[in-house]
Every structure is written in C-alpha cells, then in structure tokens.
Amino acid sequence: MKAAVLYEPNTPLQIEAFELPETGPTHVRVRLVASGVCHSDWHIIKGEWPHIPIPSILGHEGAGVVEEVGSAVRGIAVGDHVVLSWKRNCGLCEMCQKGYPNLCDEVPDERTFPRLPGSDRTMRKLLGLGTFSTATVVPQDVVIPIDKSVPLAQAALIGCGVLTGVGAVINTAKVEPGASVAVFGCGGVGLNCIQGAALAGALPIIAVDLRANKLEMAKAFGASHTVNAAEEDPVARIQAITGGPGAHYAFEAIGLTALPFRQSIECTRKRGVTVFVGHAPHGTHFDFDARMLMFEKTVIGSMYGSARPHVDIPRLIGLYRAGRLKLDELITRTYPLEEVNEAFAALAAGQVARSVLAIA
Ligand SMILES: [Zn+2]
Ligand SMILES: [Zn+2]
C-alpha cells in the first residue's frame, strides 16, 4: 500500500510504499476511498502539536470499504462501506459508560503498524488511522458501517470535521430552538457548528470570520448574520444583533490565537455558554475579566463533538440522505493522494471549506 508520511515539521509529505500488517482477531482491514484534509494535520505539519510523534503517516478523516475482518469481529462484514472514528473507545470505563466514549483512555494497545518493504521497520499512523493511505488495518471499535448509497468522499468528512462541529452544538451545548448562537471561525469545523445550529433551530446564527469568502460559505450553511472581525468588533456586533444582551451560545472554532477565545466568552449573555471547539496550539494562554463568570456563564471544551461515533455517525448519514445535512457543499476541492501537499497549501491559504483526497 501507499501512504503520505511526515518526517520533519514544515517539510512536504512524502508518498511511500509499505506492507500492511496482519489483520488480527479484533482488527479490520479497510481499503480507503477518501480522506478529508483537516486542520489538525496542518497543526502537526507546522510543528504546533509536539505531543504527536513523527515520523508518521498522517490523515484521520477517512472512509472506505472493508476488505478483511478478524475472527472475533462482530457487526462488520467484508464489502461494508465504513467511516473511521479517530477516537477509540473501550465501552467499559467510566467515561464510556456515562455516554462519553470520546473521552475514553482505557483501550488496550492494538496498534498495527505498516512495515517498510523488506524490513522490520514500522511506521506510525496518526491517531492509529493514517488515512492518507490506500489501506489501513484498525481495531474494530473505530469502524462504523454506513449506508452504501452515500458517497464515501462525503461520508469521510463525518469522521472528524462534521462530527466535531455538529456534535459541539447538538451534544456538548445542547442548543435549543430559538436560541441565539455565535460561531467564531468558518473553516471546516466552524461551518459544521453553523449547520449544527441550523439543525437545532437556533436563531439568529451569527458567523464571525476575517475572510469574506468564508462568511459567504457560512450563509450557505445557515448563518443568518455575518460579522467580518477584520472590519468591526465582533463582541459589540453580536450584542447589537441580539438586541443588547449577547448570544445564548458561542463556539470558538478557530484554535489559533487567544483573542477569539476571549471574545467568545465576552459575547455571551448572562448564563451564556461558550464552547471551545478549536484546539489551540500548546502554550496558548489568555486572560479575561473574572467578573464575567459572575453572571453564571459557562465555558466548556468539546472533544470530538462529545460524540458517540456508533450512534452519531449513522444519524448524520441519515440526515444527509434526507437532505438535511450539507456534505456536498463542504467539498470545495478534490485531489489525488499524490497531491496531498497541494491540498494543504490550499487549506493554509484559506481557499477551501474542505479538500478531500480521492484515493481509489
Ligand atoms: Zn480532524
Ligand atoms: Zn472507555
């Protein structure tokens, strides 16, 4: 199989050949058909997430077709179309049992590493998936079968960006109909916070970004108002749009610098809820007036959209099939695996909602 490897920060990914590991009793071998190009991989390429070891095959937002299942695998068959979850879950620990498998850290080590041809040397795979590859062998708990009528390029996006954004709104914040929502950042995750807010029946839905093209995309995903933070103060504008008090809910979906994190707290009303969806680079600190929280505001993080992948991914697939979840519109460009570096250049330039690698 072929895969795209990052050897050093700030260097191009290299396409290399590997030998797949054995498919063990609890493993599933998946032929990857599509992989989304997510901002998290870009953080790693830029050297901003030193906790992720490299060299590694990158990619964590994949969908494909099952080629082989281990002897102990249940509920997954050869030929199934599947979305991969990047968060393993054991099903038994406190977090899993409470309905937060996104926070499980109790899974046994079942990692499977591709080998370099004719050698015992192995290569890591990002989050155990490494979806920038033609195939991967993964534990069964991260493999979610889906309806075969859904195109796999669209389905792949559910595996990270859609689940993260929609889940932050529906699962983490539990936004209710008629509530006001502000979303900072209209990239792949922010657009999904916006469409999650639209699914929840929120109004107004206020999109904040620095780029006019991203704000245009936001309208297509359900934003009722847009604010260009390069031109005006988003906090004052959100307060004005909501008639004075600020938003009921705010989502920070950028994860680059401190300012929008603070603004996402400042822009909510009394008892407002701010959700940090963006993963900031390590060492990002910011301060805010502590008295703001005296108005019973809540600030909460959202990991992988508080998702229960085996519940939420089929639900999102169903919403897409019913025409109520926008996936086609997320895919701005498609690249072959060999052009993965061009896809990241487009991401860095802010030109795309999402690029997808069409692998096979
Ligand atoms: Zn991602
Ligand atoms: Zn668990």
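The values are calculated or read from the model by the stated rules, or taken from the named source; none is laboratory data. What you are looking at is a predicted structure, and each value in this text was computed from that prediction instead of being measured. A quick note on method: Cβ atoms are made from the backbone with ideal geometry, for glycine too, and the neighbour counts reach across all protein chains shown. Only protein heavy atoms, including side chains, enter the accessible area calculation; ligands, DNA and RNA are left aside. Shrake-Rupley method; radii C 1.70, N 1.55, O 1.52, S 1.80 Å.
By average Cβ neighbour count within 10 Å, what is the ranking of 179-188, 330-339 from highest down?
179-188, 330-339
In 10 Å bins starting at zero, report the fraction of Cα pairs in the stretch 209-256 per bin as a rounded %.
Calculated P(r), rounded to whole percents: 23, 58, 18.
Give the carbon-plus-sulfur fraction of the accessible surface of the stretch 187-288 in %, rounded to a whole number; probe 1.4 Å, heavy atoms of protein chains only.
Answer for the stretch 187-288: carbon and sulfur cover 52 percent of the accessible area.
Within a Cβ distance under 14 Å of Asp328, other residues only, what is the Lys/Arg minus Asp/Glu net charge?
Working: positive: Arg321, Arg324, Lys326, Arg333, Arg354; negative: Glu329.
Surrounding charge for Asp328 is +4.
Work out from phi, with θ = phi - 60° and the Karplus expression 6.51 cos²θ - 1.76 cosθ + 1.60, the ³J(HN,Hα) of each residue of the stretch 273-289, listed in order in whole Hz, and give x for Gly and Pro.
10, 10, 10, 8, 9, x, 8, 6, x, 4, x, 6, 10, 8, 10, 8, 5
Of the heavy-atom accessible surface of the stretch 40-183 (probe 1.4 angstrom), what whole percent is carbon and sulfur?
Taking all protein chains in place, the stretch 40-183 shows 53 percent carbon and sulfur surface.
So what's the net charge close to Phe295: Lys and Arg +1, Asp and Glu -1, counting the other residues with Cβ under 10 Å from its Cβ? Write down the numbers at each step before the final one.
On the way: positive: Arg269, Lys270, Arg271, Arg291, Lys297; negative: Glu296.
That works out to +4.
Rounded to two decimals, what is Rg over Rh for the chain when you use alpha-carbon atoms and the Kirkwood radius? All intermediate terms of the calculation are to be shown ahead of the outcome.
On the way: Rg = 20.1 Å, Rh = 20.6 Å.
That ratio is 0.97, to two decimals.
Please report the spacing between the Cα centers of the stretch 41-101 and the stretch 225-256 in Å, no decimals.
34
If we restrict to alpha carbons, what Rg and Dmax does the stretch 152-228 come to, in Å?
Radius of gyration, then largest Cα-Cα span, for the stretch 152-228: 11.5, 34 Å.
Cα centroid distance between the stretch 182-209 and the stretch 282-360, in Å?
11
From the helices alone, meaning DSSP H stretches of at least four residues, give me the mean residue ellipticity at 222 nm for the chain, per-run term -39500 (n - 2.57), in deg cm²/dmol to the nearest 500.
Helix-only estimate at 222 nm: -6500 deg cm²/dmol.
Taking the radius of gyration and the Kirkwood hydrodynamic radius from Cα positions alone, what is the Rg/Rh ratio for the stretch 234-339, to two decimal places?
With Rg and the Kirkwood Rh in hand, the quotient comes to 1.07.
With 26 Å as the limit, write out which pairs from Lys174/Lys270; Lys46/Lys326; Lys174/Lys326; Lys219/Lys297 have Cα-Cα distances beyond it, or answer none.
Lys46/Lys326; Lys219/Lys297
Can you give the Rg to Rh ratio of the stretch 264-325, both from alpha-carbon atoms, with Rh computed by the Kirkwood formula?
Numbers: Rg = 16.3 Å, Rh = 14.4 Å.
Rg/Rh for the stretch 264-325 comes to 1.13.
Suppose every Lys and Arg Cβ carries +1 and every Asp and Glu Cβ carries -1, with no other charges. What dipole size does the chain come out with about its Cα centre, to the nearest 20 debye?
The dipole of the chain has a size of about 740 debye.
From Cα coordinates alone, what are the radius of gyration and Dmax values for the stretch 1-98 in angstrom?
Radius of gyration, then largest Cα-Cα span, for the stretch 1-98: 15.7, 42 Å.
Can you find, among Phe251, Leu210, Gly62, the residue sitting farthest towards the positive end of the charge dipole of the chain, where Lys and Arg contribute +1 and Asp and Glu -1 at Cβ?
Phe251
Angle, helix 309-321 long axis vs. longest principal axis of the chain, Cα atoms, 0 to 90°, nearest 10?
70
Give me, ordered by chain and number, the residues 5 or more places off Phe251 or on other chains with an amide H under 5 Å from its own placed amide H.
Ala182, Val183, Phe184, Val275
GNM, the chain, Cα, under 10 Å: largest mean-square fluctuation among Gln140, Gln14, Gln195?
Gln14
Within 10 Å, count the other beta carbons around each residue, average over each peptide in 61-73, 250-262, 100-112, and list them highest first. Don't skip to the answer; put the middle values down first.
Values: 61-73: 20.4, 250-262: 22.6, 100-112: 16.2.
Ranking the peptides 61-73, 250-262, 100-112 by packing returns 250-262, 61-73, 100-112.
Mind checking which lysines have their Cα closer than 19 Å to the Cα of Lys87? Skip sequence neighbours fewer than 8 apart in that chain.
Once the sequence-local lysines are set aside, what remains near Lys87 is Lys98, Lys125.
Put +1 on the Cβ of every Lys and Arg and -1 on every Asp and Glu Cβ in the stretch 248-360; which of His285, His310, Leu337 then has its Cα farthest towards the positive end of the dipole?
Farthest towards the positive end: His310.
Name the residues whose placed amide hydrogens come within less than 5 Å of the amide hydrogen of Ser56, ignoring near sequence neighbours (fewer than 5 apart) on the same chain.
Leu6
Long-range amide H contacts for Ala223: which residues qualify at under 5 Å (H placed 1.01 Å from N, peptide plane, sequence gap of 5 or more or a different chain)?
For Ala223, whose amide H was placed from the backbone, there are no distant partners under 5 Å.
Return the sequence-ordered ³J(HN,Hα) values of the stretch 187-201 in whole Hz as given by the Karplus equation 6.51 cos²θ - 1.76 cosθ + 1.60 applied to θ = phi - 60°, using x for Gly and Pro.
Those phi angles translate into x, x, 7, x, 4, 6, 5, 5, 6, x, 5, 5, 4, 6, x Hz.
Could you tally the net charge around Ala4, taking each other residue with its Cβ under 15 Å from the Cβ of Ala4, Lys/Arg +1 and Asp/Glu -1?
-4
Per residue, how much accessible area does the stretch 154-308 show when a 1.4 Å probe rolls over the protein heavy atoms, in square angstrom?
Computed with neighbouring chains in place, this is 38 Å² per residue.
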